[in-house]
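S.K.: One structure, as structure tokens, below. Some questions next.
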Amino acid sequence: MTTTSTSAMGGIVRRKEDPALIAGKGRYVDDIKLNGEAAAVFVRSPFAHAKINSIDTSAATAMDGVLAVYTAEDTRHLGDLLAQVAVGSLRPLLADGAVHHAGEAVAMVVAENAYIAKDAADAVMVDYDPLPAVVDMKDAVKDEIKAHEDAESNVLLTWYSHDWWPGVFELEDHRPAIAAAKERDDVVVVSQEMTNQRLIPVAIEPRAVLADYNSGYGRVNVWSSSQIPHALAGAIAKTFGMTSHDVHVVAPEVGGGFGAKLNVYPDEMLVVFASKELSRPVRWTETRREAAYSTIQGRGWVGTATITGTKDGEILGYELDAIADMGAYSQNFTVAIPVLGLYVAQGQYNVPLAWQITCVHTNTQTTDAYRGAGRPEAIYYVERIIDMYAAAIGMDPADVRKKNFFKKDEFPATTAIGLTMDSGNYEYNLDTLLEDVDYDGLRKMQKDARDEGRYIGIGLSTYVEVCGFAPSVLAEFGFGWDAYGLPTSFSGSGLVRVNPDGSATVIIGTGPSGQGHQTTWAQVVSERLGIPVDAIRVTHGDTFESPTGVGTFGSRSAAVDGAATYEAAEKVRMKAAELVAHMLEASAEDIQFADGGAHVAGSPGHTVTWAEIAEVAYKPHKGPEGLEAGLEAHAVFSPGNATWPFGSHLAVVEVDPGTGDVKILRYVAVDDCGNRINPMIVDGQIHGGIAQGVGQALFEEAIYDENGNLLTGSLVDYPLPTAGDLPAFELGWTNTPTDVNPMGVKGIGEAGTIGSAQTIVNAVVDAVRPLGVTHIDMPLRPRKVWDAIQKARG
Amino acid sequence: MYPRSFEYVAPSSLDEALAALNDHPGAKVMTGGMSLIPLMKLRLFSPPLVVDIGRVPGLDSIADGNGHIAIGALVRHAATASSDAVASGAAALAQAARLTGDVQVRNRGTTCGALAHADVAADQPAAALALGATMVARSAGGEREIAADDFFVDALTSALEPNEILVEVRVPKAGAGTGSAYDKLGRRGGRSDYAVAGAAAMVTMDGGSVSAARVALTGVGTKPTLATATADALVGTDGSADAIKAAAQHAAEGVTVLEDLYGSVEYKTHLAQVYAARALEAAIAAAG
């Protein structure tokens, strides 16, 4: 029994979803209209930290068209917003007695339309007593001002690499050995404080949610621009005392998520509440400006990285002592994000590790997962400091990296924090990049340019990523989705049904936001069954369609739900083989599937089509006796480990020392995500990921003033990268499959972001190193590069 | 983003539009809406009436007239950027139009609208100042001309009266020996986005020396400003690289330089000098 197909895995298939998306025919939450809709608008705090003395809603309530104005008085009984890792202060659905970041929702107005609701929101009078705000995370550690006036401390906890999960991992504390190494004569110690600045996720579609509570059906229908519809259904059920099967959540087209929609939000609960109270559908659509206050932000670390190593490039210790800014409240993963960084703390290097990172509350918006989620931050620190170490000992940065790599024959390799990396071939991957770009030639070009007075820099970064989270040991670490009443944890789900006409329906538990799952999953099923990609319809993001699922995030969909779909398709194939064997009077082992049908091995001329197979499946009297009618299968997949993609990136930049302007001349990436299902889609993921990393490196920064006002809340002051700012990316691949899933795929959604920011910074610093510059904190806007040059020149 | 309630009219003639403005205090003219609509949606600005002049005939042409080029109120950035007449007769303005916003903004926003909006970091005002343009303002009471030098009053404030429409900008055509140019550093580096700092220059060369020069800055201060000290220092020189460099050192003299997210006072002062020099160099090269 074998299958061949022209649209099999590994083929470039045009995205099935694109005609609708490109033509503006995609259906997003805001395109779905219900009869009798009302609109919600929130009253938001102008202060970062204040006591609420009173809220006067009378003028707003009296306005024509206003249906209700709700405050914490009305919603307190629903409890705080659910969080997976409930450490620190949890967020009330509406501010209750005090506000803790600017833009926090204080009241919700529901009216006949959003314009009326906004007018009424402006008429809600809130009497505040402003309190001192703590904005800078370094100040937060001092505890002189408390972000939460009643809290004992701003400090939530400190993660230590040698003791991050007591009782599960017995780990060696590398600090004494590193301290001893620092005393050696043949050793240099290179140390640098660096900021990994806070970012504002900007999906092209802001968040939006529409809720329709129907007491007749005893059910609530919710459409939300979410990456995690099943978790949202669980959270709604838990909050409102319902069962998940009475909560139907649909994530229709989702216009970008990047982790920001990997959260359950208070507004999602509140529109359900209002719909229930008013017996009307209620919609809230986040405005672009509002998104900077009502959606989580990302990154926000400051820390000192130190490498202790010999003068010939042997690293004897890598240390990071950092603070991570949690913002005002703990939401879904908030305090666990640094742990995701810890997973890849040492990068590709088999070196002693001593990491500690302290999580603090500040009076700023909550931080949580943003593309890469801890891993870009972690890789940034190790890859910046290894470059500085290379410069300090006068060794080529590529050579230093190679000298300290985990070697191919060490896989599966155990990291300093006790995790097992599935597969890796780091030196081959980096060598592939260096050969692709003619690294020696590039260095010569750089030298020649310097002789002409041009400041060209070459930046290099390697990275290892961890993704495909599943109910392995990792997922049990505090975030198994129990808080949202999702007993399936991280398991993937795939249901494959061959329809009576011979087409196939695939229902998956993911919640994609542009990743091309309709195409990729069709390829997986087509590869197993031989049904053409065009005859396979894929449904996702619907909690009544897919029995289980946890959504799309953490580069997990292919490696987990994809594998489930693969296994479901395999079950269907086994059953179909029995049907065909009956039809062709052959043995099931001899049945081959190809080109839209099946035949007996050796007799390709005599083919039955999938429509003919389906007819037998759905008319049991025509099939083999005792075989159950129908032709579908569901599989739940739970891998034993995460997957560990990796890669090497290189940038060539030119700096104008007169203005500090940075121009990216080339960007080359050689990534390794194991087998690729659709190389074009994988390329696209890398493209977008690099763009986001470049955005962090050069442009983006959430800037708060000392009072906690966000100065960069609009896109006028929060510059995003555009295609015009970026060179044509040059991509190459190595392929080191994993054995933790049947397809050998690892995940690629975040790799581009994880690999890129420090590649750019390393290149810029390399360009201006002759001027005496050793480090510049991101974003490398022209003013900062120019300032650094002036400072270095004295 | 939800603006406050407002009235909207789209007159089919200029007289109707002028009457609407005259009759409704606080009414605001709209062409492309690229700046007005976001301000309204943020509720930073809430005019009771928007007078959309997009349907008024006769305002959408670029006239290559005798001695000057006239750009009508409805001429889009894209049209200004691609006009041969503007490119040859008023190059700095064509370059400013090319570097404005993105494709959608250039296809929608207008040259006159950007001038009337008087943003401190916009491209058009610097070019109009350097080129010595004339603004033609019309109201129900008649027409008047305002020199560019007098037009930019303060941040987001022009010399237009509330009941006036900027119906046209007239730019003197460069004669033989005259060249102009505009250049900027954008907020995302390169020439992207609003100007961190930018400069336009117009230079007339006569017998190997600079006989006339105008330089204007954008992005660095409270309003688009002429850099007269630089222009004065350059006139009479040979326009060499050294002469440009020396003159450009005076670029920020008399200018109130302000810090923002994209630059300190020191940096912006430095950039004013750098871009004054770059614009002058390109203008002199174009002067032939």
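The values are calculated or read from the model by the stated rules, or taken from the named source; none is laboratory data. This structure is a prediction, so every number in the text was calculated from the model and none was measured. Here the Cβ is made from the backbone with ideal geometry for all residues, glycine too, and neighbour counts use every protein chain on show.
S.K.: Residues that are surrounded by fewer than 17 Cβ atoms within 10 Å (Cβ to Cβ): find the strands (runs of 3 or more DSSP E) completely inside the range A:525-612 holding 3 or more of those.
M.R.: In the range A:525-612, A:603-609 are the strands (runs of 3 or more DSSP E) which contain 3 or more residues that are surrounded by fewer than 17 Cβ atoms within 10 Å (Cβ to Cβ).
S.K.: It is to be established whether one or more residues within the range A:129-138 are charged (D, E, K, R) and under 30 Å from residue A:34 (Cβ atoms).
M.R.: no
S.K.: Here's something else I'd like to know. Please go through the range A:413-449 and pick out each residue that is β-branched (Val, Ile, Thr) and part of a helix (DSSP H, G or I).
M.R.: Across the range A:413-449, the qualifying residues are A:432, A:437.
S.K.: Please determine whether any residue of the range B:29-37 is among the small types (Gly, Ala, Ser), more than 14 Å from chain A (Cβ to nearest Cβ) and farther than 23 Å from residue B:192 by Cα.
M.R.: no
S.K.: Taking residue A:128, is it within 14 Å of chain B (Cβ to nearest Cβ) and either surrounded by fewer than 21 Cβ atoms within 10 Å (Cβ to Cβ) or assigned to a loop (DSSP other than H, G, I, E, B) (or both)?
M.R.: no
S.K.: Just give me the residues in the range B:257-284 being in a strand (DSSP E or B) and crowded, with 19+ Cβ neighbours inside 10 Å, in sequence order.
M.R.: Correct list: B:257, B:263.
S.K.: Just checking, which of A:83, A:114 is crowded, with 19+ Cβ neighbours inside 10 Å, within 14 Å of chain B (Cβ to nearest Cβ) and aliphatic (A, V, I, L, M)?
M.R.: A:114
S.K.: Could I ask something else about it? Can you name the strands (runs of 3 or more DSSP E) wholly within the range A:264-372 that have at least 3 residues being within 20 Å of residue A:92 (Cβ to Cβ) and in the same structural domain as residue A:74 (by TED's automatic domain parsing)?
M.R.: So the answer is none; nothing clears 3.
S.K.: What are the residues in the range A:236-250 that are in a helix (DSSP H, G or I) and β-branched (Val, Ile, Thr), if any?
M.R.: Passing the criteria: A:236, A:239.
S.K.: Looking at residue A:449, is it modelled with pLDDT under 95 and surrounded by fewer than 21 Cβ atoms within 10 Å (Cβ to Cβ)?
M.R.: Here the answer is no, as residue A:449 does not meet what is asked.
S.K.: Give the number of residues within the range A:135-161 that are without any contact (Cβ under 8 Å) to a residue 40 or more places away in the chain and of a type in the set (Phe, Trp, Tyr).
M.R.: Matching residues across the range A:135-161 total 0.
S.K.: I need the full set of residues from the range B:171-213 which are hydroxyl-bearing (Ser, Thr, Tyr), in contact (Cβ under 8 Å) with a residue 60 or more places away in the chain and away from every other protein chain (no Cβ under 14 Å), in order please.
M.R.: B:178, B:180, B:182, B:204
S.K.: Of the residues B:44, B:49, only one is within 14 Å of another protein chain (Cβ to nearest Cβ) and farther than 23 Å from residue B:214 by Cα; which?
M.R.: Going through B:44, B:49 in turn, the sole match is B:44.
This table checks each residue for (1) among the aliphatic types (A, V, I, L, M); (2) within 41 Å of the chain's Cα centre (by Cα).
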position: A:603; (1), (2): no, no
position: A:608; (1), (2): yes, no
position: A:621; (1), (2): no, no
position: A:624; (1), (2): no, no
position: A:633; (1), (2): yes, yes
position: A:638; (1), (2): no, yes
position: A:645; (1), (2): no, yes
position: A:659; (1), (2): no, yes
position: A:670; (1), (2): yes, yes
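S.K.: Does at least one position in the range A:287-300 carry a residue that is of a type in the set (A, V, I, L, M, F, W, C), away from chain B (no Cβ under 14 Å) and closer than 28 Å to residue A:199 by Cβ?
M.R.: yes
S.K.: Continuing with this model, one more query. Could you list all residues from the range A:234-252 that are among the polar types (S, T, N, Q) and touching a Leu at 6+ places or on another chain (Cβ under 9 Å)?
M.R.: Selection gives A:239, A:244.
S.K.: Specify the residue that is farthest from the other protein chains (Cβ to nearest Cβ); the eligible residues are those in the range A:694-731 that are over 20 Å from the mean Cα position of the chain (by Cα), under 23 Å from residue A:48 (Cα atoms) and surrounded by 16 or more Cβ atoms within 10 Å (Cβ to Cβ).
M.R.: A:708
S.K.: Where residues in the range A:746-786 are in contact with a Phe, Trp or Tyr (Cβ under 7 Å, 6 or more places away or on another chain) and within 14 Å of chain B (Cβ to nearest Cβ), which of them is surrounded by the most Cβ atoms within 10 Å (Cβ to Cβ)?
M.R.: Here the answer is A:767.
S.K.: For the range A:323-364, name all the residues that are more than 27 Å from residue A:414 (Cβ to Cβ) and either touching a helix residue (DSSP H, G or I) at 6+ places or on another chain (Cβ under 6 Å) or of a type in the set (A, V, I, L, M) (or both).
M.R.: Within the range A:323-364, A:323, A:325, A:326, A:328, A:360, A:362 qualify.
S.K.: Kindly indicate whether any position in the range B:57-75 is touching a Ser or Thr at 6+ places or on another chain (Cβ under 7 Å), farther than 30 Å from residue A:291 by Cα and in a helix (DSSP H, G or I).
M.R.: no
S.K.: Moving to a separate point now. Considering (1) surrounded by 15 or more Cβ atoms within 10 Å (Cβ to Cβ); (2) more than 14 Å from chain B (Cβ to nearest Cβ); (3) not basic (Lys, Arg), say which one residue A:662 fails and leave the rest.
M.R.: Every condition holds for residue A:662 apart from (2).
S.K.: Further, regarding this structure: Any residue in the range A:321-337 that is within 16 Å of residue A:134 (Cβ to Cβ) sitting within a Cβ distance under 8 Å of a residue that is small (Gly, Ala, Ser) and in a strand (DSSP E or B)? List the pairs, counting only those 6 or more apart or interchain.
M.R.: Listed by first residue and then by second, the contacts come to A:323/A:303.
S.K.: Here's something else I'd like to know. Counting only residues that are in a helix (DSSP H, G or I) and touching a Leu at 6+ places or on another chain (Cβ under 8 Å), which one in the range B:1-45 is nearest to residue B:109 (Cα to Cα)?
M.R.: B:14
S.K.: Taking residue B:49 and the conditions (1) farther than 19 Å from residue B:139 by Cα; (2) touching a Gly at 6+ places or on another chain (Cβ under 9 Å); (3) outside the structural domain of residue B:140 (by TED's automatic domain parsing), which numbered condition does it fall short on, given that it satisfies the others?
M.R.: Only one criterion is unmet by residue B:49, namely (1).
S.K.: Among the residues of the range A:273-310, write down those that are out of contact with any strand residue (DSSP E or B) (no Cβ under 6 Å at 6 or more places or on another chain) and basic (Lys, Arg).
M.R.: A:288, A:289
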